[in-house]
1. Sequence-distant or interchain residues sharing an amide H contact under 5 Å with Ile179, placed H: which?
2. Determine the alpha carbon to alpha carbon distance for each of Lys44/Lys225; Lys97/Lys128; Lys18/Lys196; Lys53/Lys97; Lys13/Lys93; Lys13/Lys137 and list only those over 24 Å.
3. So how tilted is helix 214-228 from the main axis of the chain? Cα-based, degrees 0 to 90, rounded to 10.
4. From the phi of every residue in region 130-138, what ³J(HN,Hα) in whole Hz does the Karplus formula 6.51 cos²θ - 1.76 cosθ + 1.60 yield, where θ is phi - 60° and glycine or proline is x?
5. May I ask for the angle, rounded to the nearest 10°, between helix 114-126 and the longest principal axis of the chain, with both axes built from Cα atoms and the value confined to 0 to 90°?
6. Provide the net charge surrounding Leu111, with neighbours chosen by a C-beta distance below 10 Å and charges set as Lys +1, Arg +1, Asp -1, Glu -1.
7. Report the per residue volume, in Å³, of the convex hull enclosing the C-alpha atoms of the chain.
8. Obtain the nm distance between the two label points defined at Lys196 and Arg118 by a simple spin-label model: each point lies 7 Å from its Cα along the Cα-to-C-beta direction.
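Just so you know, all these numbers are worked out from the coordinates, no wet-lab data involved. Keep in mind it's a predicted model, so treat the numbers as computed, not measured. Cβ atoms come from the backbone with ideal geometry, glycine included; neighbour counts cover every protein chain shown.
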Amino acid sequence: MNIAIIPARGGSKRLPGKNIKLLAGKPMIVWSVEAALDSGIFDKVIVSTDSDKIAKIAIDIGANVPFIRPSFLARDETTTNDVVCHVVDYVEKHESKAIETITILQPTSPLRNFRHIRDAWWMFKERKAKAIVSVCKLEYPIELCNKLGLYNSLDGFVVNENIRRSQDFESSYRLNGAIYIIDRCLVGNLSALYNKGSYAYVMDNKSSVDVDTLVDFELAEFYFKRRHVLGDC
């Protein structure tokens, strides 16, 4: 059995209620649920949430919400690993089929669509991978990034050999949080995700907005406008 897990807490400090905040006319979580369902890949699309409001929205559009997440798994320090283990344990106790793969789809990546999920899935199958993790190109050369010193000192911020045009650097990539496809053997051990047998699925930056702040949300709205009104992206 292949399942998708969409982890969606009700609380958020930096952008309150972000998972159900209206984005391009829909609660934000709806975009991820619809993408998972439209991909046609999953036997179950499961939303793990501690919120009755989120649960109702998810159920109404066709997701499976087999439980309301217990409070000890809805804290700020709760990890994705904790949530995935809880869902997998629950499903395996109540289903007759064994879970083969788990795809984690963060609801804060609303611009990731069903085509991205399908492409990442076929990469997973073709490479016989243990994991596929989505990334996007880093917007700025990592060599031009550093911590600030005392009183915002720039002493040693950039080493001399890195003072050159940004286009002269090799491309670096960052995790974008949109898609994680993992083999069942990695459940409970997501710290082993970035090892042999794991591969990157590269997404464009326009589809890689991770909504955590109001600025992120406004950027996602901008790209949705271009995608759905202007036919861009």
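1. Those lying under 5 Å, H to H, from Ile179 are Ser134.
2. Values: Lys44/Lys225 30 Å; Lys97/Lys128 21 Å; Lys18/Lys196 35 Å; Lys53/Lys97 30 Å; Lys13/Lys93 34 Å; Lys13/Lys137 28 Å.
Exceeds cut-off: Lys44/Lys225; Lys18/Lys196; Lys53/Lys97; Lys13/Lys93; Lys13/Lys137.
3. 80
4. Once rounded to whole Hz, the list reads 8, 7, 10, 10, 6, 9, 9, 5, 5.
5. Between the helix axis and the principal axis of the chain, the angle is about 90 degrees.
6. On the way: positive: Arg112, Lys206, Arg227; negative: Asp204, Asp210.
It works out to a net charge of +1.
7. Working: hull volume 37.6 nm³, N = 233.
Here the figure is 161 Å³ per residue.
8. Distance between the two pseudo-spin positions: 3.4 nm.
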